[in-house]
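For reference, the structure is listed below as C-alpha cells.
Rule-based calculations on the coordinates, nothing more; no lab input. Only a predicted model underlies this, so the values are computations on that prediction, with no experimental measurement involved. Methodologically, a virtual Cβ is constructed for each residue, glycine included, from the backbone with ideal geometry; neighbour enumeration extends over all protein chains shown.
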Amino acid sequence: MMPPQLIMSLFPNATIVSLTFLLTGIPGLEAAHTWLSIPFCFLYAIAISGNSMILFIIITNQSLHEPMYYLLSMLSATDMCLSLSTMPTTLGVLCFDIQEIGWNACISQMFFIHFFTVMESSVLLAMAFDRYVAICNPLRYATILTPTRIIQIGLIMMARGALIMIPLLVLLKRLSFCRDNILSHSYCYHPDMIKCSCSNIKVNSIYGLFALLSTSGLDAPLIGLSYVLIIHSVLNIASPEERYKTFSTCISHIGAVAIFYIPLIGLSAVHRWGKKAPPFVHTMMSNAFLLLPPVLNPVIYSVKTKQIRRAIMKVFLKKVY
C-alpha cells in the first residue's frame with residue numbers, strides 16, 4: 001500500500017481515506033471537561049427522553065392523529081436524530097478525552113448534523129403553514145392537510161435536505177488536507193472542516209452560503225410572512241377572548257421558531273463580528289444552536305399544548321396506579 005504522503009504528492013486533490021481530525025471540547029476550559037460533561041449528559045438525556053415521549057404519546061393516542069401532531073412528531077424525530085448526531089463525539093471528548101475521528105466518520109457526522117438542521121427548519125416552516133391554514137382557512141383545513149399530503153410534505157423535506165447536502169459532500173471530497181486537522185468543535189461541522197484544507201475553498205464557502213440562504217434564509221421570511229397573515233386574520237375577530245384563544249394555538253410553534261432561529265442568528269453574528277471573542281464563546285454558541293431546540297421543544301409542547309399535557313399525565317398516572 002502506498003503511504004499517504006506519496007498518494008498526496010501524486011493526487012493533490014484526493015482526500016486520504018485514513019485521514020483523521022482532532023476534535024476540540026471547549027477551548028480554555030479543558031481542565032473542567034469532566035465537570036462540564038455532567039450538564040451535557042443531563043441535556044442529552046432530556047432531549048432524547050423528551051422527544052421519545054412526544055413521539056410515543058402521538059403514536060399511541062388516536063385522538064392526536066391530526067396534521068398538527070403529525071408535524072410535531074416529525075419535529076420530535078428530527079430533534080432526537082440531531083441530538084444523536086452530536087452526542088457520541090461531544091460526550092467522548094468531554095468524558096473520555098477521545099479527540100480523534102476518522103475521515104469517513106467525520107464526513108458522515110457532518111452530513112447528518114447539517115441534514116437534520118435543514119429538516120428542522122423545513123418542519124418549522126410546514127408547521128407555520130399548518131397554523132396559517134387552520135386560522136385563515138379553517139373550513140378547508142381537513143381537505144388541504146390530509147394524511148397523504150402530510151406524508152408528501154415529509155418526503156419533500158427529506159428530499160430537500162438530501163439535495164442540499166449531496167453537492168456539499170461532493171465539493172468536500174475534492175479537497176486535500178495537508179496541515180494539522182484540528183477542529184474547533186466537539187463534532188464535525190462543515191465551515192470548521194473546510195478551514196483545515198490546504199486547497200482553494202472558495203467554491204465550498206460560496207455553496208455553503210447558498211445552502212444556508214436557500215434553507216433557513218428562505219424559511220425564516222416565509223414563517224414571518226405566515227404570521228403576518230395569521231395576525232391580520234386574528235385581528236378581524238371581534239371578540240378579544242376568541243382572538244386570544246385562536247392565537248394561543250400558535251404559542252408553542254412561536255417558541256420552537258424562537259429557540260431555533262435566535263441561536264442561529266447569534267452564532268452567525270459571532271462568526272461575523274466576534275472574531276476577537278474568546279474561542280469558547282464560538283463553541284458554546286454552536287452547542288446552544290444544536291442542543292437547545294431538542295432540549296426545549298418537548299418542554300414547550302408539553303407545557304403549552306393541552307392535548308399533549310393531558311396524554312402525558314395519563315401515561316404517568318397509569319404507571320403510578
Subject >> Normalised alpha carbon radius of gyration of the range 59-120 [divisor 2.2 N^0.38 Å] >> reply: 1.48
Subject >> Residues listed by number, the range 283-309, amide nitrogen under 13 Å from SER52 label point at 7 Å toward C-beta >> reply: none
Subject >> Highest-MSF residue in the chain out of GLY161, GLY50, GLY255 [GNM, Cα springs under 10 Å] >> reply: GLY255
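Counting only other residues whose beta carbon sits under 15 Å from that of PRO138, what net charge do I get with K and R as +1, D and E as -1?
Summing Lys and Arg as +1 and Asp and Glu as -1 gives +1.
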Original post:
What FRET efficiency do you get for LYS318 and ARG174 if R0 is 56 Å and r is their Cβ-Cβ distance, rounded to the nearest 0.05?
Top reply: 0.50
Original post:
What do the square roots of 5 times the Cα gyration tensor eigenvalues come to for the range 22-164, in whole Å, largest first, as semi-axes of the equivalent ellipsoid?
Top reply: 36, 17, 12
Subject >> Among HIS65, HIS185, HIS253, residue whose mean-square fluctuation peaks in a GNM of the chain (springs only between Cα atoms under 10 Å) >> reply: HIS65
**OP:** Please report PHE247, PHE260, PHE316 as a ranked list, fewest other C-beta atoms within 10 angstrom at the top and most at the bottom.
**Re:** PHE316, PHE247, PHE260
**OP:** Please order TYR244, TYR189, TYR207 by the number of other Cβ within 10 Å, starting at the fewest.
**Re:** TYR244, TYR207, TYR189
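Run lengths n ≥ 4 of DSSP H only: what is the helix-derived mean residue ellipticity at 222 nm for the chain, with -39500 (n - 2.57) per run over all residues, to the nearest 500?
Values: 13 runs with 241 residues, N = 321.
Result for the chain: -25500 deg cm²/dmol, rounded to the nearest 500.
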Original post:
Which of these, ILE230, ILE265, ILE164, has the largest mean-square fluctuation under a Gaussian network model of the chain (Cα springs below 10 Å)?
Top reply: ILE265
**OP:** Could you list the trypsin sites (Lys or Arg not before Pro) in the range 205-301 that lie in coil according to DSSP, counting only those with at most 11 other Cβ atoms within 10 Å of their Cβ?
**Re:** LYS275, LYS276
**OP:** Convert each backbone phi in the range 37-49 into a coupling constant with the Karplus relation 6.51 cos²θ - 1.76 cosθ + 1.60 (shift: θ = phi - 60°), then list the ³J(HN,Hα) values in order as whole Hz, x for Gly and Pro.
**Re:** 5, 5, x, 5, 4, 4, 5, 5, 4, 5, 4, 6, 5
**OP:** Please work out the C-alpha center-to-center distance from the range 150-173 to the range 106-131 and express it in whole Å.
**Re:** 9 Å
Subject >> ILE156 paired with PHE96, simple spin-label distance in nm, labels 7 Å along Cα-to-beta-carbon >> reply: 4.3 nm
**OP:** Amide H neighbours of CYS178 under 5 Å, at least 5 residues apart or on other chains, H built in the peptide plane: list them.
**Re:** CYS198
**OP:** Go ahead and run the numbers for FRET between HIS232 and ILE262, Cβ-Cβ distance against an R0 of 30 Å, rounding to 0.05.
**Re:** 0.80
**OP:** Round to the nearest 10 and give me the degree value, 0 to 90, for the angle of helix 67-96's Cα axis relative to the longest principal axis of the chain.
**Re:** 30 degrees
Original post:
By count of other Cβ within 10 Å, fewest leading, how are MET53, MET158, MET127 ordered?
Top reply: MET158, MET53, MET127
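How much net charge surrounds SER73 when only other residues with a Cβ under 13 Å from its Cβ are counted (Lys, Arg +1; Asp, Glu -1)? Intermediate values should be presented prior to the final figure.
Values: positive: none; negative: GLU66, ASP79, ASP130.
Charge balance in the 13 Å sphere: -3.
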